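The values are calculated or read from the model by the stated rules, or taken from the named source; none is laboratory data. All values reported here derive from a predicted model rather than from experimental measurement. Cβ coordinates were reconstructed from backbone atoms using ideal geometry, including for glycine residues, and neighbour counts include every protein chain displayed.
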Amino acid sequence: MCGIVGYTGVHQAAPILLEGLEKLEYRGYDSAGIAVSGTDREGNPCIEVVKAKGRLKVLCEMTDNGRSVHGCCGIGHTRWATHGEPSVANSHPHYAKNKRIAVVHNGIIENYQEIKEKLIKEGYVFTSETDTEVAAHLLDKYYTGDPVDAICRLMVRIRGSYALGILFQDRPGEIYAVRKDSPLIVGRSAEGNYIASDVPA
Ligand code: GLU
């Protein structure tokens, strides 16, 4: 088991994501990470990813409790490794080239090996040993401007269990989420909307 959180709203996302992940620590984990939609120095949309092996405390220290990562929309993850050792490279979020799409995943993609081999032949470069990374590259392959269409095509392609939180760089302020056989809930409020693996977050 691991934890997923997501927040989009009027507040800075990173501190909220870290607080949410803390509330999911009881589920167990070996590494943690966040991805936040923001803007680069020229004002263009960009996704910033920060990951750390070990306790959540390390990620909090790296980001000054989230204060050094700017943007009001993001996703976070605590990982319980099933494919690939606990490491920074294997921790989530995973992302497609140029960080145009970022993904957190809870569960197992059973047919990842065959998908990975095909994607490598098509020129995709993998930087982790996880099953999850195929989801980021498949979304990159399928995404032509319609997130729901790309996610539907992804769901047809992958087998296994999953809860996914997804950011698209060109859709700032939006989080996409999908689940099959892994828990994921949605919370709504006037100040923002959330996804989480469990109620405490
Ligand atoms: N199977 C994925 C991995 O090994 C996700 C594990 C999890 O649910 O934390 O990275």
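Inspect all residues belonging to the stretch 50-71 and state whether any of them is modelled with pLDDT under 95, more than 19 Å from TYR162 (Cβ to Cβ) and in a loop (DSSP other than H, G, I, E, B). Write out each step before concluding.
Step one: filter the stretch 50-71 for residues modelled with pLDDT under 95, giving none.
No: the stretch 50-71 contains no residue that is modelled with pLDDT under 95, more than 19 Å from TYR162 (Cβ to Cβ) and in a loop (DSSP other than H, G, I, E, B).
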Suppose we filter the stretch 63-86 for residues that are near the ligand (Cβ under 10 Å from one of its atoms) and aliphatic (A, V, I, L, M); how many remain? 1
Given (1) more than 15 Å from CYS73 (Cβ to Cβ); (2) surrounded by 20 or more Cβ atoms within 10 Å (Cβ to Cβ); (3) in contact with a helix residue (DSSP H, G or I) (Cβ under 7 Å, 6 or more places away or on another chain), index of the condition PRO200 fails: (2)
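Condition check ((1) farther than 22 Å from ILE101 by Cα; (2) touching a His at 6+ places or on another chain (Cβ under 9 Å); (3) in contact (Cβ under 8 Å) with a residue 40 or more places away in the chain) across all residues:
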| residue | (1), (2), (3) |
| --- | --- |
| PRO45 | no, no, yes |
| VAL50 | no, no, no |
| ARG55 | yes, no, no |
| LEU59 | no, no, yes |
| ASP64 | yes, no, no |
| CYS72 | no, yes, yes |
| ILE75 | no, yes, yes |
| ARG79 | no, yes, yes |
| VAL88 | no, no, yes |
